[in-house]
Each structure stands twice: as C-alpha cells, then as structure tokens.
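Visitor: My questions all concern the structure below.
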Amino acid sequence: MNYRFGKIICKPSFPKVFLCVRFGGRVCKLDIFSFCFANKFVTLHRKNQSGKQMIGTIVNTCTIVAGTLLGAWMHRGIKEKYKTVLYDALGLASLAIGLNATISNFGKSQYPVLFIVALAVGGVTGTWLDIDGRFKRMVNRRSKGGGEARLGDGLSTAILLYCIGPLSMLGPVISALKGDHTFLFTNATLDFVSSTIFASTYGLGMVLAAPVLFLWQGLFYVTAQLSSSAISESLMAELLIVGGLMITGSGLALLNLKDCKTLNLLPALLVPVVWFALRGLLA
C-alpha cells in the first residue's frame, strides 16, 4: 500500500490530516484514523497469507502427530505385507511427482545441461563425503535396541528420517516462494506411514519428533522468505529439475528397484545456487 500526505485542512478546533492512499489503481482520501485502521487490516491480511503459505509444514507436522497416535494405538505392530503395499504406493507417487517436477521445468531452464553438471558434481561430492553411508550407519546404530526398544533411539532415528531428504528440505523453499505445497504434502504422507510404524514399536513418545520437524522446515521457510528477492524464476526452475530427479530416485528406492543413494546427491542442490551467484557477480 503506497501513500502520500495530502492537503492539510485546519479548522479552529478540529484540525484534520488527510492522506491520499492508493489501492491498486484507485486513490482514496482517508483521515488519519481511517488510514490507521486500513493499515492494520493490510498487516493482518499479510500475516494471514503467510500463515496460509506455511500450511504444508503445518500439515506435515500434524500427520506425524496423527501417525504416532495411530501407531501407539496399534501397539502390536503392523504386518509386513501392509508395510510393503504402503511403501509401494508411496514409491509410485514419488516417481510421478518427481518426474512431473523435472519435466514441467525443462522448458523454463536457461542452461539445459546445468542439471547434469549439478548431479555429477553433487554426486561425486556427496559420495566423497559418504553422506548416505554415514546416515545409514547412524540410523542402524540407533536402531539397535538390544532386547527392548528404547525411546531415545527411536526418536533420533525418526528425526533423521523426517528431516534429511529433498522433500523435507526443498519443500519449504518451494512453499515459501511459489505457494506450492505438493512436495510437503507428499512428504507428509510418507511421514504419516513412517510415524505409524515407529510408534507401533517405540510408543507414544515418538510424538516429540513433530516439533523438531516443524522447526527444521520453518528454518528453510524463513530463510527462503528473507532471500526471496535473490532467488529468480530461472534458479527455481533449476532447483526443481534437480530436486525432481532426486525425488524420482527416492521413489525407485521405495520400490526396491534401485538404490540411487539420494542423500549423496544432496550437494547437487547447491550447484545451481553457486552458478547463479557467480554469474551475478561476474555480470
């Protein structure tokens, strides 16, 4: 809302200050009290819109809570055949969403081979750092509970699985910049199934992983909001192409077709960012 001071009308006992306020293409004349009210309304509206944009993270957090409650109620555990069919369904959904994100953004790419370079450089870097191997060793170490399942081990394992991955890290960024919650809704579905399985083993205390996920995704969301002016449509297209292929790889792993070691590809998301930053500096 743009405004400027208008004509000041002074009367002997009731001086009034009028402001010309521009709403879109119209100019309205408001006294100071009406202006304050309108300004407050716009501020509340913007806060409300921001809350709506975070609906993906809110839904993701709520599905973990719901899945934990369901799993705690089904404390005897879930049969393996049901786990298999659920993960098969989610694997197919991940394939569809990942391929759609990649293919739909090919036409917006200014550098058609950048995603290949990003995956190659990111994959080599991630393999050198052994991100996937370290993650799996950490999860396996915390999953060994001896004869009795321990809540601390279950929480640490669940938090790692919920927070580390392209859906949970790229999803809040897309949500903040484009208002598209598809990635987060997909992640919410995956986390619902996972939290149900975790809670059926470790109990109701697994609900403590939900606020950790909310803070984690909120960090990415706020960072994207603050740096929104520096993130162009071209950069977003490159990130979605790379991220879509990583989600496709996750779908293949869920279907037990091919373990693409998606976590080793996470550094690939930094390559387009570095490229566009260097291009801006040189320009």
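The values are calculated or read from the model by the stated rules, or taken from the named source; none is laboratory data. Since this is a predicted model, take the numbers as computed values, not measurements. Every residue, glycine among them, receives a Cβ derived from its backbone with ideal geometry; neighbour counts consider all protein chains shown. All accessible areas refer to the heavy atoms of the entire protein, side chains included, with ligands and DNA or RNA removed. Shrake-Rupley method; radii C 1.70, N 1.55, O 1.52, S 1.80 Å.
Visitor: So which residues in the stretch 98-123 are over 11 Å from VAL271 (Cβ atoms), in a helix (DSSP H, G or I) and open to solvent by 50 Å² or more (accessible area, probe 1.4 Å), if there are any at all?
Guide: LEU99, ASN100, ILE103, SER104, PHE106
Visitor: Filter the stretch 254-283 down to residues that are open to solvent by 100 Å² or more (accessible area, probe 1.4 Å), at pLDDT below 90 and assigned to a helix (DSSP H, G or I), then give me how many there are.
Guide: Counting residues in the stretch 254-283 that are open to solvent by 100 Å² or more (accessible area, probe 1.4 Å), at pLDDT below 90 and assigned to a helix (DSSP H, G or I) gives 2.
Visitor: Test each condition in (1) more than 23 Å from PHE214 (Cα to Cα); (2) modelled with pLDDT under 95; (3) surrounded by fewer than 18 Cβ atoms within 10 Å (Cβ to Cβ) for VAL139 and report the one that comes out false.
Guide: (1)
Visitor: Starting from the stretch 114-136, take each residue that is within 27 Å of ALA158 (Cβ to Cβ) and list its partners that are small (Gly, Ala, Ser) and open to solvent by less than 80 Å² (accessible area, probe 1.4 Å), counting only C-beta distances under 6 angstrom and pairs at least six apart or across chains.
Guide: That search, which allows pairs on different chains as well, returns GLY122/ALA268.
Visitor: Same structure, new question: Anything in the stretch 55-93 that is more than 27 Å from the chain's Cα centre (by Cα), outside any loop (DSSP other than H, G, I, E, B) and not acidic (Asp, Glu)? List them, or say none. Break it down stepwise before answering.
Guide: Of the stretch 55-93, the ones more than 27 Å from the chain's Cα centre (by Cα) are 73-82.
Cutting the leftovers down to outside any loop (DSSP other than H, G, I, E, B) gives us 73, 80-82.
Scanning the stretch 55-93 gives TRP73, LYS81, TYR82.
Visitor: Condition test on SER194, is it buried (at least 18 other Cβ atoms within 10 Å of the Cβ), part of a helix (DSSP H, G or I) and among the polar types (S, T, N, Q)?
Guide: yes
Visitor: Among the residues of the stretch 221-246, how many are buried (at least 18 other Cβ atoms within 10 Å of the Cβ) and either outside any helix (DSSP H, G or I) or over 19 Å from the mean Cα position of the chain (by Cα) (or both)?
Guide: 0
Visitor: Further question: What are the residues in the stretch 198-220 that are open to solvent by 20 Å² or more (accessible area, probe 1.4 Å), touching a residue at least 60 places away in the same chain (Cβ under 8 Å) and more than 15 Å from VAL65 (Cβ to Cβ), if any?
Guide: Selection gives THR201 alone.
Visitor: Among (1) open to solvent by 50 Å² or more (accessible area, probe 1.4 Å); (2) within 20 Å of PHE135 (Cβ to Cβ), where does GLY249 come up short?
Guide: It is condition (1) that GLY249 fails.
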